[in-house]
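J.: Got a structure for you, questions after.
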Amino acid sequence: MKIGVDIDNVMTDSSELIIQYAKKYFKSNDMDLIDNILHANKVDERLMAFYEKYLTKMQGDYKLKANVKEVIDSLRQKGHEIVLITARGNSQTHSYLDKLGQDIVTKEYLLKHKINFDKIIFGTRDKAKECVENHLDILVDDSTRVLGNLHGTNTKPILFVSMHNKNCQTSFVKVYNWLELEEIIDREQLTSSG
């Protein structure tokens, strides 16, 4: 199978570090304020300045989730292809970040952590389209919006539960860690080949 995997909040614990940096930068422990700044519908100057100052450093320092490398290596040994698919470097939504070279930072991070993969797709605005074009059987993402866009495709959505989606009600298959993800992919493989 071809398995698409998001990076932020799926392979890494991105949100926790972003919040830690945001609390320092905005000099506030008010989580409502921090959440409003980080998740505003429109990027404002405060958010731009924050990301311009810290994004590259944060992306290099994100903590890798437990068992990521081992599970990816195991899946590849079982014959699965791993396609990393990320919005990092998306010039439409993150043009203010393009100059920071997210692709270089990301590749260095993956190399540092010895993460093996078959392909990486940067800057995608439409992951559903990329899933169809790349014939992905599964997409593992932390965004219910992204996974909802897979409706009508042949790509099975799997929601990786993270800090920001843990309370959302959805019918997507949910996983809470990488070992559980491997079990679900193994079962899916048995179902699709049987």
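J.: Looking at (1) part of a loop (DSSP other than H, G, I, E, B); (2) open to solvent by 60 Å² or more (accessible area, probe 1.4 Å), which is the only condition residue 40 fails?
T.: (2)
J.: Only one residue in 76, 88 is in contact (Cβ under 8 Å) with a residue 40 or more places away in the chain, open to solvent by 70 Å² or more (accessible area, probe 1.4 Å) and closer than 27 Å to residue 132 by Cβ. Which one?
T.: 76
J.: Something else: Look at residue 107 and say whether it is free of Cβ contacts under 8 Å to residues at least 24 places away in the same chain and closer than 30 Å to residue 167 by Cβ.
T.: No; evaluated as a whole, the condition is false for this residue.
J.: Which numbered condition in (1) β-branched (Val, Ile, Thr); (2) touching a strand residue (DSSP E or B) at 6+ places or on another chain (Cβ under 7 Å); (3) assigned to a loop (DSSP other than H, G, I, E, B) is the only one that residue 72 fails?
T.: (3)
J.: Scan the range 138-156 for residues that are open to solvent by less than 30 Å² (accessible area, probe 1.4 Å) and either β-branched (Val, Ile, Thr) or free of Cβ contacts under 8 Å to residues at least 40 places away in the same chain (or both) and report the count.
T.: Residues flagged as open to solvent by less than 30 Å² (accessible area, probe 1.4 Å) and either β-branched (Val, Ile, Thr) or free of Cβ contacts under 8 Å to residues at least 40 places away in the same chain (or both) within the range 138-156 amount to 6.
J.: Considering each of 98, 118, 141, 126 in turn, give the residue that is among the acidic types (Asp, Glu) and at pLDDT below 90. Can you show your working first?
T.: On the way: 118 fails: at pLDDT below 90; 141 fails: at pLDDT below 90; 126 fails: at pLDDT below 90.
Checking each option against the conditions leaves just 98.
J.: Identify, please: which residue in the range 1-27 is open to solvent by 30 Å² or more (accessible area, probe 1.4 Å), among the charged types (D, E, K, R) and under 22 Å from residue 126 (Cα atoms) and is, among those, farthest from the chain's Cα centre (by Cα)?
T.: Only one residue fits best here, namely 2.
J.: Shifting gears a bit: Which condition number in (1) modelled with pLDDT of 90 or more; (2) open to solvent by less than 80 Å² (accessible area, probe 1.4 Å); (3) in contact with a helix residue (DSSP H, G or I) (Cβ under 9 Å, 6 or more places away or on another chain) is the one that residue 63 fails?
T.: The single condition residue 63 does not satisfy is (2).
J.: Return yes when residue 52 is at pLDDT 95 or above and surrounded by fewer than 17 Cβ atoms within 10 Å (Cβ to Cβ) and no when it is not.
T.: So residue 52 fails the test.
J.: Looking at the range 158-173, which of the residues that are in a strand (DSSP E or B) and over 22 Å from residue 19 (Cβ atoms) is most open to solvent (accessible area, probe 1.4 Å)? Full working, then the answer.
T.: First, pick out the residues of the range 158-173 that are in a strand (DSSP E or B): 158-160, 173.
Then drop every residue that is not over 22 Å from residue 19 (Cβ atoms), which leaves 158, 173.
Working: 158: 1, 173: 52 Å².
Residue satisfying both the conditions and the ranking: 173.
J.: Also: Need pairs with beta-carbon distance below 8 Å; first residue in contact (Cβ under 8 Å) with a residue 40 or more places away in the chain and of a type in the set (Gly, Ala, Ser) and within the range 46-70, second assigned to a helix (DSSP H, G or I) and crowded, with 17+ Cβ neighbours inside 10 Å; sequence gap 6+ or separate chains.
T.: From the range 46-70, the pairs are 60/105; 60/109; 66/178.
J.: Filter the range 174-192 down to the residues that are without any contact (Cβ under 8 Å) to a residue 40 or more places away in the chain, in contact with a strand residue (DSSP E or B) (Cβ under 8 Å, 6 or more places away or on another chain) and in a helix (DSSP H, G or I) and list them by number.
T.: Matches in the range 174-192: 184 only.
J.: Separate question: Can you tell me which residue among 129, 156 is of a type in the set (Lys, Arg) and in contact with a strand residue (DSSP E or B) (Cβ under 6 Å, 6 or more places away or on another chain)?
T.: Answer to the check: 156.
The values are calculated or read from the model by the stated rules, or taken from the named source; none is laboratory data. All of these numbers come straight from a predicted model, not from anything done at the bench. Positions of Cβ are generated from backbone atoms using ideal geometry, with glycine treated the same way; all protein chains shown enter the neighbour counts. Areas reflect the complete protein model, heavy atoms only, side chains present, ligands, DNA and RNA absent. Shrake-Rupley method; radii C 1.70, N 1.55, O 1.52, S 1.80 Å.
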